[in-house]
Amino acid sequence: MRKRFHWLKKPKLRADWSKENLYNLSRATGQSLGGKTFFQQKWEAKAWSRAYHGEQIREKQWQRMFRRTLPAVVPMDNTYLARTDGSEMATGRGSGEEVEGKPRKVPMTPYMAMTYGPIERRLDTAIWRALFASSARQARQFVVHGWVKVNGKKMIYPGYQLNPGDMFQIDPERVMWATGARKDEHRYVPRESRDQEATPATRRAPKEESIPDEDAESNTEAETAQAEAKAEAAEKPTEPNDDDAKKVLMSLLDRTKAILDGKEELTAKRKQDLRGFQQALRKMLSRSKNVTTSVTDDLEARLAVISAKLTKNSKSAAKEEAAADRLTEQQEELLQEALEKLRENPYDPTKPYLTPWRPRPYMSAFAFIPRYLEVNQNICAAVYLRHPVARPNLAEVPTPFKYETNQLAFNWYLRRR
């Protein structure tokens, strides 16, 4: 990658998610080509647009891909087609027949936005458009390293031209690493929390250390020792030992097994609750490092509720179960939230990305999927439905540039054909 990939003095938009690119995008809306020759306007429009569209492609390769015939679709009104054959569109020197003294208005079709339409067929570009990579260069890297399959077969050529109906799939772990937040050891701490954590003794410690008095030094050492002792005492209840958490979970698991084995006459609903609780305990046991005292207390409360429900009679069970549910409603909600977080988005220190997973910063400004792709984020697969087209007031090739910029870029490549 070049040293000056993101220019701030001369902003160039790139195909990636970054704060520099977002900043350049906010400034690039007012780009103007006034006061320059037509050749200079075409060259600058080409440079701007090529920095975004296929900047990972060599210029000669793009010139071979360029097509002067731009695809477009003009949908016609069915009532208009039933009423006439369209011959009046040729009257009035091509402007269309006037109806009641007013010319017939035809919406504009932005053809020139389709200049870089052939690039959208490339496999690496489609991966980036489907939100499986944070940049076009990263999508190219995924393909070259063999992490992408097209129609079930591994594809290592990023310039592969997709056809309508082709399905491409990427390793989900790579997608989560590419689009997830990075691990940061030095996380940002707000200033207010830092001021609250810093005690007066710790703030004055550097000044008192410079005093060459032995009594002052002994006082500061005593104060720091007391502060450390208080901090350790405060941390002990919040950070339980791993062995203690394992013992609590094992005892809960043994009690659940005893209930399942000892009670033969259990309803199907009670068996389902106990088995689900047993499965949750096994999952927590595999991640005992993340289990806190609040979670174990909630598990104890849930097991007590389930065991209490087993001893009730059939007639009085409904009323007493409702009362027990009301009493432990808050505990069950907390337990359910903890179990869902562990099941859907667990904490795993072995992963190369930040866990629990969350999207990368500055992603929302670039997160969109074109109409010609059908994406399934659960399995990290997408289908290339059709080639992008232009319609009245709509061009399906995503571009941050104006119509005039794409028109000048098209004219630059058109003169070379």
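The values are calculated or read from the model by the stated rules, or taken from the named source; none is laboratory data. None of these values were measured; they are calculated from a predicted model. Methodologically, a virtual Cβ is constructed for each residue, glycine included, from the backbone with ideal geometry; neighbour enumeration extends over all protein chains shown. Side chains are part of the model used for accessible areas, which takes the heavy atoms of the whole protein and leaves out ligands, DNA and RNA. Shrake-Rupley method; radii C 1.70, N 1.55, O 1.52, S 1.80 Å.
Descriptive notes on the structure:
- HN-Hα J in Hz across the stretch 357-370 - Karplus 6.51, -1.76, 1.60, θ = phi - 60°, x for Gly and Pro: 5, 8, x, 5, x, 6, 7, 5, 5, 10, 7, 8, 10, x
- Förster radius 41 Å - calculated FRET efficiency between Tyr347 and Lys60, Cβ distance, rounded to 0.05: 0.25
- Heavy atoms of Leu70: accessible area, 1.4 Å probe, square angstrom to 10: 40
- Here r is the Cβ-Cβ distance between Ser26 and Met108 and R0 is 22 Å; the resulting FRET efficiency, rounded to 0.05, is 0.25.
- With the highest mean first, a sort of the peptides 269-275, 175-181 on other beta-carbon atoms found within 10 angstrom per residue produces 175-181, 269-275.
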